[in-house]
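I have placed the structure first, in the form of structure tokens, so that the comments after it can refer back to it.
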Amino acid sequence: MIRRALAVLVILSVNSVLAGAESPLVERVDKTAFIQIEADSFRSLAPRQQALAYWLTEASIAIDPIIYDQMSRFGLRQKETLEAVVLAKDKVDGQTYSQVLTFTKLFWANKGNHHEQTGQKFLPPFTPDRLRAALLAAGRKDLAAGIDELAPSLFDPSFEPVLTAKTPEGGKDIIEASSNNFYLGVKLADLQQFTEHYRLNSRVINEGGKLREEVYRAGTPDGRVKPGRYAEYLRKAVGYLNQAREYAEPQQAAVIGALIRFYETGEYADWLNFGMLWVQNNPTVDFASGFIETYRDARAAKGTAQTFVCVTDEKLSASMRKIAANASYFEGRAPWDDRYKQQNARPPVAKAVETLIETADFHVSTIGDNLPNENEVHEKYGTKNFLFSSATRAFDEAVGGKVAEEFAASPEEIARFEKYGPGAEELMTAMHEVIGHGSGKLSPKLTQDPGSYLKEYYSTLEEARADLVALWNVFDPKLKELGLITSDETGRAMYDAAARVMLTQLARIPKGDAIEEDHQRDRQLIARYIMDKTGAIALESRNGKTFVIVKDYKKMHQGVGMLLSELMRIKAEGDYPAIKALIDAYGVHFDPKLRDEVSRRYARLDLPTYWTGINADLAARFDKDGKVSSVGISYPRDYVKQQLSYSALYEAR
């Protein structure tokens, strides 16, 4: 499970960009900022490790197109159409070209034309006729001929307006109202009597009233397992993974081999075997790859393609290892019932990392990750936890502390944020991932993963539970003993941020009065629940501006414990009615007038609301035997060129 950054809403420190240093901020398109991610640790790797990293990044690029199809059945056609114009700069009318280029940047950044965080559809500034003319000028009559058919998906705001609709309108169910491509011709009721053998990695389609699964798999070389959906991309990835395996140490080579097997067969047992091997392996050059997170599916069943490749940031990993080594201590002091506590909790793998590449449905706004998600693996073998230091460093260097100055309720809160805010957010992420997601124990009566019981509410529950674990433990004296904090002011800064975010995150939701994204629902749930149950948090209006105030930190801590205990019980028991009631009451709806106020205040700050990363580029040289002789790293600061180079991998089809 991932933890998303609050962008500049919370995590950024007030440090300005170092004098003389080039800002990671490369460009802005409307509210989206494009930042260059760097990985200084790569240069200290041994040549064999650099070669391993090169082939792993190539495998990451290979599966990137999958996410466009998962987000929309029109996604790959939209992508090809837009890129055909972007590649024809000298042939297309200048104004049209500029508008198509701008829209395409946002399309790439969101992996389609629905915003990756709000799920809301965004529209082009050009017309279907101008797009058709641009394609004809580019010599792409084939694509121009299909514009009428493609037009509703691009230009009609009422056609598939929401990516993942967990609060659907118009009498539709959560599947019908969602624009993603995990189901075709299927209603939620159709699935009640249907058993999915490939719940995580398949598309379910309705063929003449009968449901069938299209399994995501490449097929085996011997032909015993036939190719499935996305075979083209998975085969290419498998080829690169086989190359990577040659440069890996034996244990990691077995991990890569297990991933290859899963990509070939699509079998859940092979996915669990990969997860079991992967979580017990802690190499310097690490990676994640697969159909991992289920946030995009309203049912929280289907996983999206995700990858990253990273290098351990040794300087920052020490504090995470301290938290991991004390997992049993924190588990024992959790506020939930002893029935749901792990005995002798296994210390998870925990490390700070610098990413070399992030593709498909992995975004730079992810500042922490805890994997694997499957209870069958992490209850027996533990978890692996990542803090993405390269991303947080880039955010920190790109923007100052204007948001805290605007939305903090008092000069004391601003001063606390300046001194303790960045450290509090880093500690929040570390505890969220390391002792949050991996904590707790399920009731023996649950025969399936808790997501099967809690359905569309599971992801929100799990993100809130992990946040609350951090909030519960931040005042524990063990953190001072470990040298992770020096003052309780760190905890107060963390509580300020957890309360304030229910206000500031509204700037990210431009339309409607409902929150669809799970991380945003989780934060709204926490603040609103504590405000209602304890009165420790309050909204206050001054001179036309609304502020969130923590009135009593001890009472807020009590509220954290109350909600955390209940969420753990709900997860352990698979109590769907209870989680539905909680999230519907506190996590979904907001006052649009308050959102409009926040948006106006935020707009005056002239800061980006969303972030997209530009990856490092790795270039390999080969010897006469075709082996990698050296690998260079560069930072292109050119998002368009990089995305077109990724697409070029599949130019000749």
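The values are calculated or read from the model by the stated rules, or taken from the named source; none is laboratory data. Note that the structure is a prediction, hence the values are computed from the model and not measured. Here the Cβ positions follow ideal geometry from the backbone for every residue, glycine too, while neighbour counts run over all protein chains shown.
Is at least one residue of region 200-209 part of a loop (DSSP other than H, G, I, E, B) and at pLDDT below 95?
The first filter runs over region 200-209 and keeps only residues part of a loop (DSSP other than H, G, I, E, B), leaving 200-201, 208-209.
The next check asks that each one be at pLDDT below 95; those that pass are 208-209.
Within region 200-209, one or more residues are part of a loop (DSSP other than H, G, I, E, B) and at pLDDT below 95.
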When region 533-548 is checked residue by residue, the ones that are in contact with a Lys or Arg (Cβ under 9 Å, 6 or more places away or on another chain) and of a type in the set (A, V, I, L, M) are Ala536, Ile537, Ala538, Val548
Reported set for region 443-484 where residues are closer than 27 Å to Arg528 by Cβ and either touching a Cys at 6+ places or on another chain (Cβ under 7 Å) or part of a loop (DSSP other than H, G, I, E, B) (or both) is Val474, Phe475, Asp476
- Query: Any chance region 312-331 includes a residue that's within 23 Å of the chain's Cα centre (by Cα), more than 24 Å from Ala269 (Cβ to Cβ) and part of a strand (DSSP E or B)?
  - Reply: yes
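Could you grab me the full set of residues in region 210-238 that are in a helix (DSSP H, G or I) and in contact with a helix residue (DSSP H, G or I) (Cβ under 8 Å, 6 or more places away or on another chain)?
As a first pass, look at region 210-238 and keep what is in a helix (DSSP H, G or I): 231-238.
Scanning region 210-238 gives Glu232, Tyr233, Leu234, Lys236, Ala237, Val238.
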If we ask which residues in region 407-417 are more than 15 Å from Asp488 (Cα to Cα) and buried (at least 17 other Cβ atoms within 10 Å of the Cβ), their number turns out to be 4
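Rundown of residues vs (1) among the hydrophobic types (A, V, I, L, M, F, W, C); (2) touching a His at 6+ places or on another chain (Cβ under 8 Å); (3) touching a residue at least 12 places away in the same chain (Cβ under 8 Å); (4) at positive phi, yes/no style:
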| site | (1), (2), (3), (4) |
| --- | --- |
| Leu76 | yes, no, no, no |
| Leu82 | yes, no, yes, no |
| Val86 | yes, no, yes, no |
| Gln95 | no, no, no, no |
| Gln99 | no, no, yes, no |
| Thr104 | no, no, yes, no |
| Ala109 | yes, no, yes, no |
| Gln120 | no, yes, yes, no |
| Pro124 | no, no, yes, no |
